[in-house]
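These notes are about the structure you will find just below.
The values are calculated or read from the model by the stated rules, or taken from the named source; none is laboratory data. Everything quoted here is computed from the prediction, not taken from an experiment. No Cβ is skipped: glycine too gets one built from the backbone with ideal geometry, and neighbour counts run over all protein chains shown. Ligands, DNA and RNA are excluded from the accessible area calculation, which covers all protein heavy atoms including side chains. Shrake-Rupley method; radii C 1.70, N 1.55, O 1.52, S 1.80 Å.
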Amino acid sequence: MKAAAFAYHRPDSVGEAVDLLAEYGDDAKILAGGQSLVPMLAMRLTHFDNLVDISRLDELVGIDLCDNEIRIGAATPHAFVGMDDEVHDSVPLLTLATPYIGHFQIRTRGTLGGAIAHADPAAEYAAVALALDAQMEAVSPRGARDIPANKFFTGLWENSMAPDEILKAVRFPVWSARSGFAVQEFARRHGDFAIAGAAVAVELDEQSHVSRCGIGLLGLGSTPLRGSPAEDAVVGRDVGDGATQHGFFGGRTA
């Protein structure tokens, strides 16, 4: 099958892109890496009269560390995130999650912001954003606002941004040096959508008790989910107790 006819727009700035969204409303859709949207259009699972291509906007690409957060531009490709040394040192959970995203070609074209805004319940970066309490930077003709990850995902392929808003960047908190991170998922083949999976972050205090825990679950509902009951079960416990009784603290540590 082929996609139905649409008008193609390639703005020169975020401001121009926002104006196009405001002009066309529900008849417009942002096109970033296109690794999720284009197949859906080709199979006619969805249709938009206007596609607004933001993939070449330099202001949406980049990785910066400031104020104990990693800020990643929405159009930054998965491959850049996975290879970045600053991400590896500051937010290892993103580095661990990246190889699970499709295949190399998809990671080269797909973008972090596109994957998160698409709000697929099996998306790895969405689960990481939930686990780490990330903040989404959205911009519209009314200005900019932050949307916490736990308020962002509202349904299957749906998020809480308004039709005229663009996801400009995502900010991930940097956890302390006494933290451990792991990602596990089950799929029929490597590169397939995950049937189920989890992105886990654990932080210890000076007495080696769990002071903070974040668990993002993928493939288990209509949205990415937060594993709050499991988090509550381990917070305050000794790390050795958690490791022996729950098998919880395996995986790579920062």
Checklist entry - Rounded if a/c is under 1.5, else prolate if a/b is larger than b/c, else oblate: which is the chain, with a ≥ b ≥ c the root eigenvalues of its Cα gyration tensor? => result prolate
Item to check | Given charges at beta-carbon only (K, R positive; D, E negative), |dipole| of region 59-121 in Debye | outcome: 380 debye
Item to check | In sequence order, calculated HN-Hα J values of region 12-21 (Karplus, 6.51, -1.76, 1.60; Hz; x Gly/Pro) | outcome: 9, 7, 4, x, 5, 5, 4, 5, 5, 5
Checklist entry - In terms of modelled amide H atoms, which long-range or inter-chain residues lie less than 5 Å from the amide H of residue 30? => result 52
Item to check | Pairwise label distance in nanometres, residue 67 with residue 156, each label 7 Å out on the Cα-Cβ vector | outcome: 3.8 nm
Checklist entry - Which whole-Hz couplings ³J(HN,Hα) result when phi for each residue of region 100-114 is put into the Karplus expression 6.51 cos²θ - 1.76 cosθ + 1.60, θ = phi - 60°, listed in order with x for Gly and Pro? => result 7, 7, x, 10, 4, 4, 5, 5, 6, 9, x, 10, 4, x, x
Item to check | In sequence order, calculated HN-Hα J values of region 170-177 (Karplus, 6.51, -1.76, 1.60; Hz; x Gly/Pro) | outcome: 10, 10, 10, x, 8, 7, 5, 5
Item to check | Loop trypsin sites (Lys or Arg not before Pro), region 105-172, which have at most 16 other Cβ atoms in a 10 Å radius of their Cβ (DSSP) | outcome: 142
Checklist entry - GNM, the chain, Cα, under 10 Å: largest mean-square fluctuation among 41, 112, 225? => result 41
Item to check | Solvent-accessible area per residue, Å², over region 37-166 with all protein chains present [probe radius 1.4 Å] | outcome: 43 Å²
Checklist entry - Roughly to the nearest percent, how much of the accessible area of the chain is carbon and sulfur, given a 1.4 Å probe? => result 52 percent
Next on the checklist: Using the Cα centre of the chain as the reference point, and only Cβ charges (+1 on K/R, -1 on D/E), how large is the resulting charge dipole? Debye, rounded to the nearest 20.
Outcome noted: 820 debye
Next on the checklist: Rounded, prolate or oblate, given the Cα gyration tensor of region 51-155, with a/c below 1.5 counting as rounded?
Outcome noted: rounded
Item to check | Proximal charge balance of residue 67 [Cβ under 15 Å; K/R count +1, D/E count -1] | outcome: -4
